[in-house]
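Reading through the structure tokens given below for one structure.
The values are calculated or read from the model by the stated rules, or taken from the named source; none is laboratory data. None of the values given here were measured: they were computed from a predicted structure. Quick reminder, even Gly has a Cβ in these numbers, built from the backbone with ideal geometry, and neighbours come from all protein chains shown.
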Amino acid sequence: MLKDFFIVCSGADKKLLETCSEGEQTKFVGIGATVFFTAVMAFIAGSYALYTVFDNLYAAVFFGFVWGLLIFNLDRFIVSTIRKRDSFSAEFVQATPRIVLAVIIAIVISKPLEIKIFEKEIDTVLLKEKNAMTLANKKEVSNYFQSDIDKNKAQIDSLKTETGRKEKEVNALYATYISEAEGTKGTMKIGKGPVYKEKIAKHDLARSEFETLKKSNDAKIVELEAKNKTLQADLDKKVTETQPVIDGFDGLMARINALDKLPWLPSFFIMLLFLAIETSPIIAKLLSPKGEYDFKLQDLETALKATITQDVYQRELLVKTTNGISDKVYADIADDREIFNKQRMGVKGLMDAQSERFVEKQKQTL
């Protein structure tokens, strides 16, 4: 049963192959097995590649199965349409388009499997790229909000500086009136005289202005700090919203690009392996000598071609002969006087009837 299945996979004529030797059948069983297992590898590769796209096992398996059937049908068509010729160059010219197609199929099949084989290395490359993208994204988002944050910070620093300067002024006036009271500066007299009262009045006024200014600036600082917190929250929110996009940067194209950044030699040899598998049925047919099956198939094809050519020639000859006979028959009929007179009398009767009908119509109009 397995043997029959692989013969079907090879695209050979099963009934014709049954009349051939066991060795000839084994050759086509091997070709069919290669076609089948190439389709199986295509199914696995296609399912994995589509799983990275859809992230759904059932959809990936379904479309992977369709992809495997497509590759199976193409391979079977390629192998079954190659015919053994008397010249190797003629066979090679015939097989060249099929070899090109096989190369394309091999590359398409091998790429998803390479991605799976080097999955850990690709994940490392993608991790580095994601980290770089995360840093770049944070920097870009921060630059967007940074101007407003810096502006608010500058205003806060300015308000704090203004408050500090006023506080220093108050402290200086406080030290002045204390020194006046102690007699260490100013009038150099101990006690609370008129100068002392004047200086303490200045201090009290400055202190009142300081308290008013501090209250106003503190309120402004609180408001600006609240704005900064809002901007920072918006910044964090923007970073959080864009992070899933970066985290999801592991699709098929990203993995293919990451694979290209790895050393090319291992990937190249894997591709060569699939190329050898895919082209092996074609190469086997090209290199193998003309076998029993090929001779019998050629015999059937040439016999059918000869029969069809003969049938076409006989039909053309039949048409020619029939046309010649018809020409002679009608030529003889044209010379027959009796038929001419009958035809003449019929036409005369028809014209008489037309004349009478015309006269009747004329009478009716009068």
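General remarks:
- Listed by first and then second residue, the pairs linking a residue in the stretch 263-274 that is in the same structural domain as Ala102 (by TED's automatic domain parsing) to a residue that is surrounded by 13 or more Cβ atoms within 10 Å (Cβ to Cβ) and hydroxyl-bearing (Ser, Thr, Tyr), with Cβ atoms under 7 Å apart and 6 or more places separating them unless they lie on different chains, are Ile270/Ser110; Met271/Ser110; Phe274/Ser110.
- Scanning the stretch 180-192 for residues that are at pLDDT 70 or above and either more than 30 Å from Val239 (Cα to Cα) or of a type in the set (A, V, I, L, M, F, W, C) (or both) turns up nothing.
- Residue pairs whose Cβ atoms lie under 7 Å apart, separated by 6 or more positions or on different chains, with the first residue in the stretch 1-26 and more than 24 Å from Leu74 (Cβ to Cβ) and in contact (Cβ under 8 Å) with a residue 40 or more places away in the chain and the second part of a loop (DSSP other than H, G, I, E, B) and of a type in the set (Gly, Ala, Ser), are Glu24/Gly291.
- Residue in the stretch 73-90 that is over 20 Å from Ile283 (Cβ atoms), in contact with a helix residue (DSSP H, G or I) (Cβ under 9 Å, 6 or more places away or on another chain) and aliphatic (A, V, I, L, M) present: no
- Residue in the stretch 240-247 that is assigned to a helix (DSSP H, G or I), among the charged types (D, E, K, R), within 23 Å of the chain's Cα centre (by Cα) and at negative phi present: yes
- Consider the stretch 253-280 and keep the residues that are over 23 Å from the mean Cα position of the chain (by Cα) and among the small types (Gly, Ala, Ser). The one that is modelled with the highest pLDDT is Ala276.
- Among the residues of the stretch 31-46, the ones that are among the hydroxyl-bearing types (Ser, Thr, Tyr) and more than 12 Å from Ile105 (Cα to Cα) come to 1 in all.
- Screening the stretch 193-221 for residues that are at pLDDT below 65 and within 20 Å of Asn171 (Cα to Cα) and picking the one that is nearest to the chain's Cα centre (by Cα) gives Tyr196.
- The one condition from (1) exposed (fewer than 15 other Cβ atoms within 10 Å of the Cβ); (2) assigned to a helix (DSSP H, G or I); (3) in contact (Cβ under 8 Å) with a residue 24 or more places away in the chain that Lys290 does not meet is (2).
- Hey, Gln343 surrounded by 10 or more Cβ atoms within 10 Å (Cβ to Cβ), modelled with pLDDT under 80, part of a helix (DSSP H, G or I) and polar (S, T, N, Q) or not: yes
- Within the stretch 156-176, the set of residues being under 15 Å from Leu213 (Cβ atoms) and not β-branched (Val, Ile, Thr) comprises Ser158, Leu159, Lys160, Glu162, Gly164, Arg165, Lys166, Glu167, Lys168, Glu169, Asn171, Leu173.
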